[in-house]
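The values are calculated or read from the model by the stated rules, or taken from the named source; none is laboratory data. All figures in this text were calculated on a predicted structure; none of them were measured in a lab. Virtual Cβ from ideal backbone geometry, glycine too; neighbours counted across all protein chains shown. Calculation scope for accessible area: heavy atoms of the full protein, side chains included, ligands and nucleic acids excluded. Shrake-Rupley method; radii C 1.70, N 1.55, O 1.52, S 1.80 Å.
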Amino acid sequence: MTGTVLVSGASIAGPAVAFWLQRYGFSVTVVEKAGGLRGGGYPIDVRGTALEVARRMGILPRLREAHIETRSLTFVDTEGRDVASLHPETVTGGVEGSDVEVRRGDLAEILYGATRDDIEYVFDDSIETLTEHEHGVEVIFRSGARREFDLVVGADGLHSRTRELVFGPEHQYHRYLGYCFAGFTMPNEFGLSREGVIWNAPGRGAALYAVKGSDNVHGFLVAARPEPPIEVVRDLQAQRDLIATTFAGDGWEIPAMIGALRDAGDLFFDTVSQIHLPRWSQGRVGLVGDAAYAPSFLTGQGSSLALVGAYMLARSLATTGAFDVYERETREFVELNQAQVGVGEAALFPVTAEALARRDSRLRGLTASAPDTGRPAHTALVLPDPIDETA
């Protein structure tokens, strides 16, 4: 099957699914509410099955060029004293020399570069309404434009507008994991290079990541809260105040981080959450990436699931004209990786003093060298062969 497809979202999953749909003969339009690509951003990982997707797309060499090569993760206590210094893959469950770690914006730029010549991108606009009928989907955009498409794919993230229009309010599918976080960049005045430092107190965590070739570091502040702070989700000043109040009185580099957060022009605040949907599609509309199955950053698998899901979705549409095969063949892989929130990274931010002491004891017992193998969940899906477009 071929036809016209609207993809909502131009971050990771959107351009990736657009790449494969265009390759299989679909005419693809990508709409993005931002005025352009969002550059920079925190480091993300591409690993396991997703590396094979990147290889088949022809972008793996560029990803390896952009690899930021974090060489160590050091955990410190509330006073800044070292608890343990480990190889990053020991914490993430990755494989040294195979996994790729890049800035999120670099991955988005690489995917955009691989698709922009063949795919229509519409920036500074978004879907306002969707009306499915017998022969397609009528889309009215925020700009007032009205267009018809055969299919619509929502790749618009954790707070997907497409998902809301088709499946209803987010709260039905949103699984809060007990934390909120703020991410931002700040000047590297800490002497850090190609490394990360993670600070913990009960119920609070902070991290500084220094990537190669940058005068800045990525700062993260994570706070445990029993209920999601819905009241500050759309209020930037309230977000800053919430984090500053939560960390008031803490030592180490926290005061400098709070000061930087106050002035940061790229502050990103959200809850640590997952999305669990009973179905990823309805009629002519399907979802991919965080819109369908956000795993949360605690798993480190968001971008990898987006790439794998994009491949599987496009293949399903090209072979059957429907989303069913995509979900049937991909759901177990997704759920295995969502479940990784219960291991490894879930212990990065213990809530009680007792849990933090146990976590630190485990960290001290780990070897500083990289593991030989990654987590089985990362490679649990063997990709079917791509479709031969010349057949």
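Region 136-184 holds strands (runs of 3 or more DSSP E) entirely within its bounds, and those carrying 2 or more residues that are out of contact with any Ser or Thr (no Cβ under 7 Å at 6 or more places or on another chain), open to solvent by 30 Å² or more (accessible area, probe 1.4 Å) and touching a residue at least 24 places away in the same chain (Cβ under 8 Å) map to 146-149.
Checking each residue in region 188-201 for being open to solvent by 50 Å² or more (accessible area, probe 1.4 Å) and either small (G, A, S) or modelled with pLDDT of 95 or more (or both) picks out G191, S193. In region 12-23, the count of residues that are within 23 Å of I387 (Cβ to Cβ), assigned to a helix (DSSP H, G or I) and open to solvent by 50 Å² or more (accessible area, probe 1.4 Å) is one or more.
To keep it simple, each residue is scored yes or no on (1) at pLDDT 85 or above; (2) surrounded by fewer than 21 Cβ atoms within 10 Å (Cβ to Cβ); (3) at positive phi.
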residue: H67; (1), (2), (3): yes, yes, no
residue: S72; (1), (2), (3): yes, yes, no
residue: V76; (1), (2), (3): yes, yes, no
residue: D82; (1), (2), (3): yes, yes, no
residue: H87; (1), (2), (3): no, yes, no
residue: T92; (1), (2), (3): no, no, no
residue: V95; (1), (2), (3): no, yes, no
residue: V100; (1), (2), (3): yes, no, no
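Going through region 1-11 one residue at a time, which ones are of a type in the set (S, T, N, Q) and either without any contact (Cβ under 8 Å) to a residue 24 or more places away in the chain or part of a loop (DSSP other than H, G, I, E, B) (or both)? If the condition is that a residue be of a type in the set (S, T, N, Q) and either without any contact (Cβ under 8 Å) to a residue 24 or more places away in the chain or part of a loop (DSSP other than H, G, I, E, B) (or both), then T2, S11 are the ones that fit.
Filter region 243-257 for residues that are in a helix (DSSP H, G or I), touching a residue at least 24 places away in the same chain (Cβ under 8 Å) and open to solvent by less than 30 Å² (accessible area, probe 1.4 Å) and give the result. The answer is I243, I254, M257. For region 137-149, the count of residues that are within 24 Å of the chain's Cα centre (by Cα) and among the charged types (D, E, K, R) is zero. The residue that is farthest from T299 (Cα to Cα), counting only those in region 42-65 that are in contact (Cβ under 8 Å) with a residue 60 or more places away in the chain and open to solvent by 30 Å² or more (accessible area, probe 1.4 Å), is R56.
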